[in-house]
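Note sheet for the following structure.
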Amino acid sequence: MTSIGIMSAMHEELVAVLDGLPDKQCVRVAGRDFWLGNWHGHSLVVVLSRIGKVAAATTATVLIEHFGVKQIVFTGVAGGIGTGLKVGDVVLAHSFVQHDMDASPLFPRHEVPLYGLSHFETDKALSARLGSAAQTILADVDRHVGADAVDTFALQAPRLHEGLIASGDQFVADASRSHGLRQDLPDALAVEMEGAAVAQVCVDYEIPFAALRTISDCADDNAPADFSRFIREVASLYSQAVLSEWLRTGA
Ligand code: SAH
(Lines give C-alpha, C1' and ligand atoms only; values in the text may rest on other atoms or scores of the structure.)
Protein backbone atom coordinates (compact mmCIF):
# COMPACT_ATOMS: atom_id res chain seq x y z
CA MET A 1 0.00 0.00 0.00
CA THR A 2 1.43 3.41 -0.90
CA SER A 3 1.65 5.91 1.88
CA ILE A 4 0.32 9.45 2.11
CA GLY A 5 2.18 12.13 4.09
CA ILE A 6 0.02 14.55 6.09
CA MET A 7 1.77 17.67 7.41
CA SER A 8 0.92 20.62 9.64
CA ALA A 9 3.21 23.17 11.21
CA MET A 10 1.86 23.17 14.77
CA HIS A 11 0.49 20.59 17.17
CA GLU A 12 -2.81 22.45 17.62
CA GLU A 13 -3.47 22.20 13.88
CA LEU A 14 -3.28 18.42 13.81
CA VAL A 15 -4.47 17.50 17.27
CA ALA A 16 -7.91 16.27 16.09
CA VAL A 17 -6.35 14.19 13.30
CA LEU A 18 -3.82 12.61 15.65
CA ASP A 19 -6.47 11.95 18.30
CA GLY A 20 -8.61 10.17 15.72
CA LEU A 21 -5.87 8.10 14.08
CA PRO A 22 -6.36 4.49 15.17
CA ASP A 23 -3.40 2.25 16.16
CA LYS A 24 -0.80 4.89 15.45
CA GLN A 25 2.89 4.29 16.05
CA CYS A 26 5.49 6.97 16.56
CA VAL A 27 8.85 6.93 14.79
CA ARG A 28 11.30 9.71 15.64
CA VAL A 29 13.54 11.01 12.82
CA ALA A 30 15.45 14.32 12.63
CA GLY A 31 13.96 15.40 15.96
CA ARG A 32 10.39 15.06 14.69
CA ASP A 33 7.65 12.60 15.63
CA PHE A 34 6.23 10.82 12.57
CA TRP A 35 2.94 9.04 13.33
CA LEU A 36 2.23 5.96 11.21
CA GLY A 37 -1.33 4.68 11.00
CA ASN A 38 -4.22 3.60 8.80
CA TRP A 39 -7.37 5.61 8.24
CA HIS A 40 -10.24 4.61 5.94
CA GLY A 41 -7.94 1.95 4.44
CA HIS A 42 -5.10 4.37 3.61
CA SER A 43 -1.64 4.16 5.07
CA LEU A 44 -0.65 7.56 6.51
CA VAL A 45 2.44 9.23 7.93
CA VAL A 46 1.31 12.25 9.95
CA VAL A 47 3.85 14.81 11.12
CA LEU A 48 4.32 18.28 12.57
CA SER A 49 6.88 20.14 10.53
CA ARG A 50 7.36 22.98 13.02
CA ILE A 51 7.20 26.53 11.81
CA GLY A 52 8.99 28.08 8.81
CA LYS A 53 10.29 27.10 5.39
CA VAL A 54 13.46 25.25 6.39
CA ALA A 55 11.69 23.12 9.02
CA ALA A 56 8.97 22.30 6.49
CA ALA A 57 11.45 21.40 3.73
CA THR A 58 13.38 19.06 6.06
CA THR A 59 10.16 17.39 7.13
CA ALA A 60 8.92 16.90 3.56
CA THR A 61 12.28 15.43 2.56
CA VAL A 62 12.21 12.93 5.44
CA LEU A 63 8.62 11.95 4.51
CA ILE A 64 9.77 11.17 0.97
CA GLU A 65 13.27 9.75 1.54
CA HIS A 66 12.76 7.89 4.80
CA PHE A 67 9.07 6.95 4.76
CA GLY A 68 8.61 6.67 0.98
CA VAL A 69 5.32 8.62 0.88
CA LYS A 70 3.91 8.98 -2.63
CA GLN A 71 1.91 12.15 -2.06
CA ILE A 72 1.84 14.95 0.52
CA VAL A 73 -1.05 17.01 1.86
CA PHE A 74 -0.47 20.06 4.07
CA THR A 75 -3.26 21.35 6.27
CA GLY A 76 -3.09 24.29 8.65
CA VAL A 77 -3.89 27.97 9.12
CA ALA A 78 -2.94 31.13 7.25
CA GLY A 79 -3.52 34.87 7.23
CA GLY A 80 -6.01 36.05 4.60
CA ILE A 81 -4.73 38.84 2.34
CA GLY A 82 -7.03 38.48 -0.70
CA THR A 83 -10.19 40.55 -0.99
CA GLY A 84 -13.27 39.02 0.55
CA LEU A 85 -11.49 36.41 2.66
CA LYS A 86 -12.65 36.14 6.23
CA VAL A 87 -11.68 34.17 9.31
CA GLY A 88 -13.06 30.64 8.96
CA ASP A 89 -12.83 30.56 5.14
CA VAL A 90 -10.54 27.97 3.57
CA VAL A 91 -7.96 28.39 0.80
CA LEU A 92 -6.98 25.57 -1.53
CA ALA A 93 -3.56 26.33 -3.06
CA HIS A 94 -3.17 26.18 -6.83
CA SER A 95 0.39 27.43 -6.48
CA PHE A 96 2.89 28.87 -3.99
CA VAL A 97 5.42 31.69 -4.07
CA GLN A 98 8.09 32.65 -1.52
CA HIS A 99 7.26 36.28 -0.78
CA ASP A 100 10.65 36.80 0.89
CA MET A 101 12.73 35.36 -2.00
CA ASP A 102 14.70 38.17 -3.60
CA ALA A 103 17.97 37.48 -5.45
CA SER A 104 17.55 40.57 -7.65
CA PRO A 105 19.25 41.92 -9.66
CA LEU A 106 20.79 38.51 -10.46
CA PHE A 107 17.33 36.94 -10.80
CA PRO A 108 13.87 38.47 -11.03
CA ARG A 109 12.20 39.18 -7.69
CA HIS A 110 10.51 36.04 -6.22
CA GLU A 111 12.25 33.70 -8.69
CA VAL A 112 13.96 30.76 -6.98
CA PRO A 113 17.51 30.88 -8.35
CA LEU A 114 18.39 28.13 -10.83
CA TYR A 115 14.80 26.85 -11.06
CA GLY A 116 13.65 29.53 -13.49
CA LEU A 117 10.42 29.59 -11.47
CA SER A 118 8.79 31.86 -8.92
CA HIS A 119 5.52 29.92 -8.62
CA PHE A 120 5.42 26.24 -7.71
CA GLU A 121 2.19 24.51 -8.65
CA THR A 122 0.29 21.98 -6.61
CA ASP A 123 -1.08 18.77 -8.15
CA LYS A 124 -4.34 19.50 -9.97
CA ALA A 125 -6.06 16.12 -9.55
CA LEU A 126 -5.12 15.72 -5.87
CA SER A 127 -6.14 19.34 -5.14
CA ALA A 128 -9.49 18.89 -6.90
CA ARG A 129 -10.33 15.86 -4.73
CA LEU A 130 -9.27 17.63 -1.54
CA GLY A 131 -11.21 20.75 -2.57
CA SER A 132 -14.36 18.77 -3.12
CA ALA A 133 -14.02 17.19 0.35
CA ALA A 134 -13.57 20.72 1.77
CA GLN A 135 -16.73 21.95 -0.01
CA THR A 136 -18.71 19.11 1.55
CA ILE A 137 -17.48 19.95 5.06
CA LEU A 138 -17.91 23.73 4.74
CA ALA A 139 -21.49 23.25 3.54
CA ASP A 140 -22.30 21.73 6.92
CA VAL A 141 -19.91 23.49 9.26
CA ASP A 142 -22.22 23.40 12.31
CA ARG A 143 -21.93 19.63 12.33
CA HIS A 144 -18.15 19.79 12.76
CA VAL A 145 -17.54 22.90 14.90
CA GLY A 146 -19.12 23.60 18.32
CA ALA A 147 -21.85 26.27 18.54
CA ASP A 148 -19.68 28.30 20.93
CA ALA A 149 -16.83 28.57 18.42
CA VAL A 150 -19.24 29.29 15.53
CA ASP A 151 -20.49 32.26 17.61
CA THR A 152 -17.15 33.49 18.91
CA PHE A 153 -15.48 33.47 15.51
CA ALA A 154 -18.62 34.50 13.58
CA LEU A 155 -18.38 31.58 11.19
CA GLN A 156 -21.17 32.40 8.76
CA ALA A 157 -21.31 30.44 5.50
CA PRO A 158 -17.54 29.88 5.29
CA ARG A 159 -16.30 29.67 1.70
CA LEU A 160 -13.62 27.81 -0.19
CA HIS A 161 -11.24 29.99 -2.24
CA GLU A 162 -8.67 28.66 -4.70
CA GLY A 163 -5.46 30.26 -5.92
CA LEU A 164 -2.03 31.52 -4.94
CA ILE A 165 -0.59 31.30 -1.41
CA ALA A 166 2.52 33.26 -0.39
CA SER A 167 4.98 31.77 2.11
CA GLY A 168 7.82 33.41 4.01
CA ASP A 169 9.70 33.28 7.29
CA GLN A 170 7.61 35.96 8.90
CA PHE A 171 4.38 36.04 10.89
CA VAL A 172 2.53 38.89 9.16
CA ALA A 173 0.54 40.73 11.79
CA ASP A 174 0.51 44.37 10.76
CA ALA A 175 -1.56 46.17 8.19
CA SER A 176 1.36 47.94 6.50
CA ARG A 177 3.18 44.65 5.92
CA SER A 178 0.10 42.96 4.46
CA HIS A 179 -0.55 46.05 2.32
CA GLY A 180 3.01 45.68 0.96
CA LEU A 181 2.37 41.99 0.24
CA ARG A 182 -0.82 42.82 -1.66
CA GLN A 183 1.10 45.31 -3.78
CA ASP A 184 3.94 42.86 -4.51
CA LEU A 185 1.70 39.85 -5.09
CA PRO A 186 -1.79 41.08 -6.02
CA ASP A 187 -3.03 37.56 -6.76
CA ALA A 188 -2.06 36.06 -3.40
CA LEU A 189 -5.03 34.96 -1.30
CA ALA A 190 -3.22 34.02 1.89
CA VAL A 191 0.12 34.19 3.66
CA GLU A 192 1.76 31.50 5.76
CA MET A 193 5.22 30.16 6.56
CA GLU A 194 5.71 26.68 5.07
CA GLY A 195 3.76 25.81 1.91
CA ALA A 196 6.15 27.11 -0.77
CA ALA A 197 9.01 25.12 0.75
CA VAL A 198 7.03 21.86 0.65
CA ALA A 199 5.85 22.64 -2.89
CA GLN A 200 9.47 23.07 -4.01
CA VAL A 201 10.59 19.80 -2.41
CA CYS A 202 7.64 18.00 -4.05
CA VAL A 203 8.59 19.47 -7.45
CA ASP A 204 12.17 18.22 -6.91
CA TYR A 205 10.93 14.68 -6.16
CA GLU A 206 7.96 14.75 -8.59
CA ILE A 207 5.57 13.94 -5.74
CA PRO A 208 1.94 15.19 -5.96
CA PHE A 209 1.28 17.90 -3.37
CA ALA A 210 -1.89 19.65 -2.21
CA ALA A 211 -2.47 22.21 0.54
CA LEU A 212 -5.49 23.52 2.37
CA ARG A 213 -5.33 26.44 4.80
CA THR A 214 -8.03 27.77 7.10
CA ILE A 215 -7.93 31.55 7.46
CA SER A 216 -7.11 32.25 11.13
CA ASP A 217 -6.46 36.00 10.82
CA CYS A 218 -6.32 38.74 8.22
CA ALA A 219 -2.57 39.36 8.55
CA ASP A 220 -3.22 42.76 10.14
CA ASP A 221 -3.27 44.33 13.58
CA ASN A 222 -6.54 42.59 14.41
CA ALA A 223 -5.27 39.03 14.48
CA PRO A 224 -7.75 37.13 16.69
CA ALA A 225 -6.80 37.51 20.31
CA ASP A 226 -7.32 33.80 20.69
CA PHE A 227 -5.29 32.37 17.83
CA SER A 228 -4.69 29.06 19.66
CA ARG A 229 -8.34 28.66 20.52
CA PHE A 230 -9.31 29.26 16.87
CA ILE A 231 -6.88 26.58 15.74
CA ARG A 232 -8.03 24.10 18.39
CA GLU A 233 -11.77 24.67 18.09
CA VAL A 234 -12.13 25.46 14.38
CA ALA A 235 -9.14 24.84 12.09
CA SER A 236 -8.11 21.51 13.62
CA LEU A 237 -11.69 20.22 13.40
CA TYR A 238 -11.97 21.36 9.76
CA SER A 239 -8.72 19.51 8.99
CA GLN A 240 -9.93 16.35 10.67
CA ALA A 241 -13.29 16.45 8.88
CA VAL A 242 -11.88 17.30 5.44
CA LEU A 243 -9.13 14.68 5.61
CA SER A 244 -11.62 12.07 6.80
CA GLU A 245 -14.05 12.89 3.96
CA TRP A 246 -11.22 12.89 1.39
CA LEU A 247 -9.81 9.54 2.57
CA ARG A 248 -13.27 7.98 2.96
CA THR A 249 -14.13 8.87 -0.63
CA GLY A 250 -10.96 7.31 -2.05
CA ALA A 251 -8.26 10.05 -1.61
N1 SAH B 1 1.59 33.31 17.66
C2 SAH B 1 1.74 31.97 17.14
C3 SAH B 1 2.59 32.09 15.92
C4 SAH B 1 2.70 30.85 15.16
S5 SAH B 1 3.39 31.18 13.62
C6 SAH B 1 2.32 31.09 18.19
O7 SAH B 1 3.02 31.61 19.07
O8 SAH B 1 2.07 29.87 18.22
C9 SAH B 1 2.01 31.06 12.63
C10 SAH B 1 1.73 29.75 11.97
O11 SAH B 1 0.47 29.87 11.37
C12 SAH B 1 2.71 29.39 10.88
O13 SAH B 1 2.86 28.01 10.84
C14 SAH B 1 2.06 29.95 9.61
O15 SAH B 1 2.16 29.05 8.54
C16 SAH B 1 0.59 30.18 9.98
N17 SAH B 1 0.07 31.56 9.87
C18 SAH B 1 -1.17 31.90 10.28
N19 SAH B 1 -1.38 33.22 10.09
C20 SAH B 1 -0.25 33.74 9.57
C21 SAH B 1 0.15 35.06 9.20
N22 SAH B 1 -0.67 36.11 9.35
N23 SAH B 1 1.41 35.24 8.71
C24 SAH B 1 2.25 34.18 8.57
N25 SAH B 1 1.92 32.91 8.93
C26 SAH B 1 0.69 32.67 9.43
Practice task
Using the structure shown, decide if Thr249 is open to solvent by 40 Å² or more (accessible area, probe 1.4 Å), in contact with a helix residue (DSSP H, G or I) (Cβ under 9 Å, 6 or more places away or on another chain) and among the polar types (S, T, N, Q).
Solution key: yes
Problem - Single unsatisfied condition, Val172 versus (1) away from the ligand (no atom under 16 Å from the Cβ); (2) under 20 Å from Asp226 (Cβ atoms); (3) open to solvent by less than 80 Å² (accessible area, probe 1.4 Å) - result: (1)
Problem - Enumeration of residues in the range 134-167 that are open to solvent by 10 Å² or more (accessible area, probe 1.4 Å), of a type in the set (A, V, I, L, M) and within 16 Å of the ligand (Cβ to nearest atom) - result: Leu164
Fill in the blank from the handout: Expected output for the range 1-19 (first residue among the hydrophobic types (A, V, I, L, M, F, W, C), partner within 12 Å of the ligand (Cβ to nearest atom), Cβ below 6 Å, 6+ apart or cross-chain) is Met7/Ser49; Met7/Phe74; Ala9/Ser49; Ala9/Ile51; Ala9/Gly76; Ala9/Glu194; Leu14/Ser8
Problem - Residue satisfying all of: in the range 1-52; acidic (Asp, Glu) and over 15 Å from the mean Cα position of the chain (by Cα); nearest to Thr214 (Cα to Cα) among these - result: Asp19
Exercise for the section: Return a yes/no flag: does the range 113-124 have any residue that is touching a Lys or Arg at 6+ places or on another chain (Cβ under 9 Å) and either surrounded by fewer than 16 Cβ atoms within 10 Å (Cβ to Cβ) or touching a residue at least 40 places away in the same chain (Cβ under 8 Å) (or both). Expected result: no
Exercise for the section: Those residues that are within 15 Å of Ala235 (Cα to Cα) and either within 16 Å of the ligand (Cβ to nearest atom) or crowded, with 16+ Cβ neighbours inside 10 Å (or both), I need them from the range 8-45; list them, please. Expected result: Ser8, Ala9, Met10, His11, Glu12, Glu13, Leu14, Val15, Ala16, Val17, Leu18
Practice task
Take the residues in the range 67-81 that are farther than 14 Å from Met7 by Cβ and out of contact with any Lys or Arg (no Cβ under 8 Å at 6 or more places or on another chain), then tell me which one is surrounded by the most Cβ atoms within 10 Å (Cβ to Cβ).
Solution key: Gly79
Fill in the blank from the handout: Over the range 88-104, the set of residues in a loop (DSSP other than H, G, I, E, B), in contact with a Pro (Cβ under 8 Å, 6 or more places away or on another chain) and touching a residue at least 60 places away in the same chain (Cβ under 8 Å) is Gly88, Asp89
Practice task
Please work out which one of (1) surrounded by fewer than 20 Cβ atoms within 10 Å (Cβ to Cβ); (2) outside any helix (DSSP H, G or I); (3) within 21 Å of the chain's Cα centre (by Cα) is the condition Phe107 fails and give its number.
Solution key: (3)
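In the range 198-251, how many are among the charged types (D, E, K, R) and closer than 25 Å to Ser43 by Cβ?
The initial filter retains those residues of the range 198-251 that are among the charged types (D, E, K, R), namely 204, 206, 213, 217, 220-221, 226, 229, 232-233, 245, 248.
Now narrow it down to the ones that are closer than 25 Å to Ser43 by Cβ: 204, 206, 213, 245, 248.
Summing the residues that are among the charged types (D, E, K, R) and closer than 25 Å to Ser43 by Cβ in the range 198-251 gives 5.
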Handout entry: Candidate set: the range 175-212, residues that are more than 21 Å from Asp102 (Cα to Cα), in a helix (DSSP H, G or I) and at pLDDT 95 or above; chosen: the one nearest to the ligand (Cβ to nearest atom)
Key = Cys202
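Test Gly131 against the stated conditions and say whether it is farther than 19 Å from Phe230 by Cα, more than 14 Å from the ligand (Cβ to nearest atom) and open to solvent by 20 Å² or more (accessible area, probe 1.4 Å).
Values: farther than 19 Å from Phe230 by Cα: yes; more than 14 Å from the ligand (Cβ to nearest atom): yes; open to solvent by 20 Å² or more (accessible area, probe 1.4 Å): no.
No: the conditions fail for Gly131.
The values are calculated or read from the model by the stated rules, or taken from the named source; none is laboratory data. These figures come from a predicted structure and were not determined experimentally. Methodologically, a virtual Cβ is constructed for each residue, glycine included, from the backbone with ideal geometry; neighbour enumeration extends over all protein chains shown. Side chains are part of the model used for accessible areas, which takes the heavy atoms of the whole protein and leaves out ligands, DNA and RNA. Shrake-Rupley method; radii C 1.70, N 1.55, O 1.52, S 1.80 Å.
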